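Just so it is clear, none of the values below were taken in a lab; they were calculated from the coordinates. Nothing here was measured: the structure is a model prediction, and the numbers come from that model. Glycine gets a Cβ as well: all are built from the backbone with ideal geometry, and neighbour counts include every protein chain shown.
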Amino acid sequence: MLENMSLDSCSEISTLAGKFNNLVLLDLAYTKIESISDVIAPMLQRLILEDCSEIVTLSGHSNNLKILDLTDTPIKSLSDFWAPMLQTLNMIACSEIENLAGQFDNQILLELSYSNIVNC
């Protein structure tokens, strides 16, 4: 059973799809991933998209996600993203972010240093 997947620094990866029933950690840092909408991972708790140069939006829902790291990504919006269990959202140096109006049911720790939030 695959629980942790790290593709950190696999710079040529631009797509990822599949069903990962037991995946808890997905690390796509320093890849060219454009979307994770085709990834089904119902148990996912930690998603690392640090410095993913091609990802500009995050949509869908993740019922168990607790930590989301978007540090230094060109992401522009989280308006269509739902993560009811999210506890930590890192958006350090996300200079393109404009809309942080996602649906988060818990109180979360936000790290927004060097980000340009317009709508929160």
If you take every residue apart from LEU16 with its C-beta less than 15 Å away from the C-beta of LEU16, what net charge results, scoring Lys and Arg +1 and Asp and Glu -1?
-4
Computed about the Cα centre, the charge dipole of segment 43-87 from +1 Lys/Arg and -1 Asp/Glu charges at the Cβ has a magnitude in debye, to the nearest 20, of 240 debye
Give a residue-ordered list of calculated ³J(HN,Hα) values for segment 35-42 (Karplus: 6.51 cos²θ - 1.76 cosθ + 1.60, θ = phi - 60°; whole Hz; x for Gly, Pro).
7, 10, 5, 9, 9, 10, 9, x
Within straight-line cross-link reach of LYS76, lysines at Cα separation under 23 Å, skipping those fewer than 8 residues along the same chain:
LYS32, LYS66
Give me the number: length gained by fully extending MET85 to SER59, i.e. 0.36 nm times residue separation minus the C-alpha to C-alpha distance, one decimal in nm.
7.8 nm
Residues with beta-carbon under 15 Å from that of SER37, excluding SER37: net charge, scoring Lys, Arg +1 and Asp, Glu -1?
-3
Where a ≥ b ≥ c are the square roots of the eigenvalues of the C-alpha gyration tensor, would you call segment 1-40 rounded, which needs a/c under 1.5, or, failing that, prolate if a/b is larger than b/c, or oblate?
oblate
What aspartates and glutamates does LYS19 reach when the alpha-carbon gap must be under 20 Å and sequence neighbours fewer than 8 apart in one chain are set aside?
GLU3, ASP8, ASP27, GLU34, ASP38
